[in-house]
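The values are calculated or read from the model by the stated rules, or taken from the named source; none is laboratory data. This one's a predicted model, so the numbers in the text were calculated from it and none came from an experiment. Using ideal geometry, Cβ is built from the backbone for each residue, glycine included, and neighbour counts are taken over all protein chains shown. Quick note on the areas: whole protein, heavy atoms, side chains included, nothing else; ligands and nucleic acids left out. Shrake-Rupley method; radii C 1.70, N 1.55, O 1.52, S 1.80 Å.
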Amino acid sequence: MDGQTLRFTAEQIVWQEVPGEVSLAFLCSGCPLRCKGCHSADAWRAAAGSELTEDYLKGRLKRYRGLITCVLFMGGEWLPDALRRMLEVVQEAGLKSCLYTGLEREELSDGLLPYLTFLKTGRWQPELGGLDSPSTNQRFIRIHSGENLTYLFRGANT
């Protein structure tokens, strides 16, 4: 155990962030990237929010059993051991998992990838837009197949 605990500033059920899934999403605090124009700048402080413990996560998964299909972590990769523990809990519950990160895949800890179903990569660059923009630098992939699913975000808006 690395002695560090993930913290989160927001928790919600979301439908659009992981196409085809109903996800319990946690906005993790402490992101070191500080991308210009970040929509989550209020979560940059590492001490912000509440602790995300294994017991808390297990309780939330129990509460939403049968209603959610995925757990989304928006950040947290800067504490890879703590995030891996949370991903293990998700996997043990039989749910899919997703990580939204500003990093590129090769910048992530290799220890996280076996526990992820989906991965959104790429730093926020306002001039390129998000996943729904044809010019985005961001990618949304299915880990096990490597399939790029970014096109799913462009559906009716293109």
Could you list all residues from the range 17-51 that are assigned to a strand (DSSP E or B) and either touching a Ser or Thr at 6+ places or on another chain (Cβ under 6 Å) or basic (Lys, Arg) (or both)? 27, 51
Filtered residues of the range 1-26 (kept if more than 16 Å from residue 90 (Cβ to Cβ) and not β-branched (Val, Ile, Thr)): 1, 2, 3, 4, 7, 10, 12, 15, 16, 19, 20
Is it the case that the range 80-94 has a residue that's in a loop (DSSP other than H, G, I, E, B) and open to solvent by less than 10 Å² (accessible area, probe 1.4 Å)? no
Restricting attention to the range 31-78, and to residues there that are touching a residue at least 12 places away in the same chain (Cβ under 8 Å) and acidic (Asp, Glu), which single residue is least open to solvent (accessible area, probe 1.4 Å)? 77
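Looking only at the range 118-146, how many residues end up being assigned to a loop (DSSP other than H, G, I, E, B), without any contact (Cβ under 8 Å) to a residue 60 or more places away in the chain and open to solvent by less than 70 Å² (accessible area, probe 1.4 Å)?
Counting residues in the range 118-146 that are assigned to a loop (DSSP other than H, G, I, E, B), without any contact (Cβ under 8 Å) to a residue 60 or more places away in the chain and open to solvent by less than 70 Å² (accessible area, probe 1.4 Å) gives 12.
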With respect to residue 21, is the statement that it is loosely packed, with under 14 Cβ neighbours inside 10 Å and of a type outside the set (Lys, Arg) true? no
Hey, any hits in the range 52-66 for a residue that's touching a Leu at 6+ places or on another chain (Cβ under 7 Å) and either over 23 Å from residue 15 (Cβ atoms) or part of a strand (DSSP E or B) (or both)? yes
